[in-house]
Amino acid sequence: MKVFDCTVIGGGPSGLSASLTLGRARRKIALFDDGTNRNRVTQESHGFLTRDGINPQQFKELGLKELKNYPSVSYFNTTITEIIKVKDQDRFIVKTPNGQEYITEKILLATGIQEIFSIPTIRNYYGKSLFSCPYCDGWEQRDKPLVVIAEKEEHVLHLTKLVYNWSQDIVVLTNGIQLSKEGIAELQKRNIQIKSEAIKALIGYDGLLQKIEFVTGEILHRSCGFVAPSFYRPNHFAEKLGCEVKENGKVITDGVGRTTQKNIYIAGETEKSRPTSLLISAAKGNKAAVAVNTDLTMERF
Ligand SMILES: Cc1cc2nc3c(=O)[nH]c(=O)nc-3n(C[C@H](O)[C@H](O)[C@H](O)COP(=O)(O)OP(=O)(O)OC[C@H]3O[C@@H](n4cnc5c(N)ncnc54)[C@H](O)[C@@H]3O)c2cc1C
């Protein structure tokens, strides 16, 4: 069976960028992607130099098209369900849901993160009316009447202050959480309205928010804004492979993608379990790929 030099799991900007770098370094690469990239819910991505406003699917297709120039890169549109270390060998077996197995010397985890919303229906509006990153989507919401939905005081204050840069017409919704006197004073000095009633429903159609209904029966008409989700790594590959992981979910690395386990590398948002951006994730993929290639070079020279 063919042995790949490296298997890249995840074809977001980090995995695509890593695969490009490794393909150009003539490495035999298997890239797996199952289409669950975090930004799949939105229509436009912003801030990636030369690609401002590009559709996320188009971004991925452009990345995959570039990889076709490098014959040592194989792309598989499927999920990796399991990674098994072969005993006493520098080899791993990666498995797909249909029972296919692939052998690889190194693994690069680039599987991203996902959101958790305390109000599940937020997901219906996420990426169309409600966003989490003002740098990504603030420009399009500039000067509009906005909501900021967040439930921890630190998140409320951080996100609201940031969003204020793009629009000063903000209603903060804490969904039943009371802010401290100091927190309230900070927002009120900028005439920001705070509604701490629990939210009953978000109402709209086809991802377009129209209004928010509170348990009190009150209705707030707002059609866009920002939310502060929690984030998590959607798999335990790093833990199962024995990589050291901090309590906060951050996988310990040497700063360029090498984990504490030989032959296991990590790149993109999944490393710190925190959101960043397309550009930063792509840069991290490039860095980790250089680490993979450096190690392969030194081991084999
Ligand atoms: C609504 C929204 C809007 C955004 N807008 C912007 C923006 O305008 N500009 C910007 O810079 N950033 C934006 N972002 C953030 C951006 O999407 C992320 O920073 C970026 O996608 C992170 O890249 P990544 O490679 O780490 O992870 P991802 O892009 O999430 O890619 C991870 C990939 O791994 C794959 N995968 C996961 N598990 C497996 C598995 N077991 N087997 C196979 N494949 C697997 C998934 O299919 C996915 O494609 C936005 C995010 C959201 C949610």
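The values are calculated or read from the model by the stated rules, or taken from the named source; none is laboratory data. Since the model is a prediction, treat every value here as computed from it, not as a measurement. Methodologically, a virtual Cβ is constructed for each residue, glycine included, from the backbone with ideal geometry; neighbour enumeration extends over all protein chains shown. The accessibility values were calculated without ligands, DNA or RNA, using every heavy atom of the protein model including side chains. Shrake-Rupley method; radii C 1.70, N 1.55, O 1.52, S 1.80 Å.
By accessible area of protein heavy atoms, probe 1.4 Å, what ranking do Leu31, Leu279 get, highest first?
Values: Leu31 0, Leu279 85 Å².
Ranked from most to least accessible, the order is Leu279, Leu31.
Once you have the Kirkwood Rh of region 158-301 from its Cα pairs, apply Stokes-Einstein at 10 °C and 1.306 mPa s and quote D in µm²/s. Present the calculation step by step, with values, prior to reporting the outcome.
On the way: Rh = 18.9 Å.
The estimated diffusion coefficient comes to 84 µm²/s.
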Fill in: For the chain, Cys with no neighbouring Cys Cβ under 4.7 Å
Cys6, Cys224, Cys243
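What fraction of the DSSP beta bridges in the chain is antiparallel, stated in percent and rounded to the nearest 5?
Working: 24 of 54 bridges.
Bridges in the chain that DSSP calls antiparallel: roughly 45 percent.
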Worksheet entry | Extension gain from Thr50 to Lys189, taking 0.36 nm per residue of separation minus the Cα-Cα distance | 46.1 nm
Response to the item:
The alpha-carbon center of region 103-162 and that of region 223-276 are separated, in whole Å, by 17 Å
Worksheet item: Can you list the equivalent-ellipsoid semi-axes of region 222-301, largest first and in whole Å, using the square root of 5 times each Cα gyration tensor eigenvalue?
Response: 29, 16, 8
Fill in: Too-long pairs where the Cα-Cα distance tops 20 Å, listed order kept, from Lys128/Lys161; Lys85/Lys240; Lys128/Lys284; Lys240/Lys272; Lys28/Lys246; Lys2/Lys240
Lys128/Lys161; Lys128/Lys284; Lys28/Lys246; Lys2/Lys240
Worksheet entry | Percentage, to the nearest whole number, of Cα pairs in region 139-204 over 15 Å apart | 47 percent
Practice prompt. Send over a whole-number figure in Å² for the accessible area per residue of the chain, probe 1.4 Å.
Written response: 51 Å²
Worksheet entry | When region 117-227 is reduced to its Cα atoms, the Kirkwood hydrodynamic radius in Å | 13.8 Å
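Calculate the tail of P(r) for the chain: the fraction of all Cα-Cα distances greater than 38 Å, expressed in %. Provide the component values of the computation, followed by the final result.
On the way: 10414 of 45150 pairs.
Looking at the chain, the distances longer than 38 Å represent 23 percent of pairs.
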Worksheet item: What longest region of the chain stays clear of GluC sites (Glu not before Pro) that DSSP places outside H, G, I, E and B and that have at most 13 other Cβ atoms within 10 Å?
Response: 1-217
Practice prompt. Taking the Cα atoms of region 1-94, report the difference between the largest and smallest coordinate on each principal axis, in whole Å and largest first.
Written response: 48, 27, 18
Discussion item. Antiparallel versus total DSSP beta bridges in region 117-227: what percent is that, nearest 5?
Written reply: 40 percent
Worksheet entry | Computed label-point distance, nm, for sites Gln261 and Met298 using a 7 Å Cα→Cβ extension | 2.1 nm
Practice prompt. Quickly estimate the mean residue ellipticity at 222 nm for the chain, helices only: each DSSP H run with n ≥ 4 gives -39500 (n - 2.57), and the total goes over all residues, rounded to 500.
Written response: -7500 deg cm²/dmol
Fill in: Potential lengthening between Lys68 and Arg274 on full extension [0.36 nm per residue; Cα-Cα distance subtracted]
71.1 nm
Practice prompt. Using only Cα atoms, find the angle between the long axis of helix 56-67 and the longest principal axis of the chain, and express it within 0 to 90 degrees, rounded to the nearest 10.
Written response: 20 degrees
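For region 172-224, what is the charge dipole size about the Cα centre, in debye to the nearest 20, if Lys and Arg each add +1 at the Cβ and Asp and Glu each add -1 at the Cβ?
On the way: 7 positive and 6 negative charges, 31 e Å.
Computed charge dipole of region 172-224: roughly 160 debye.
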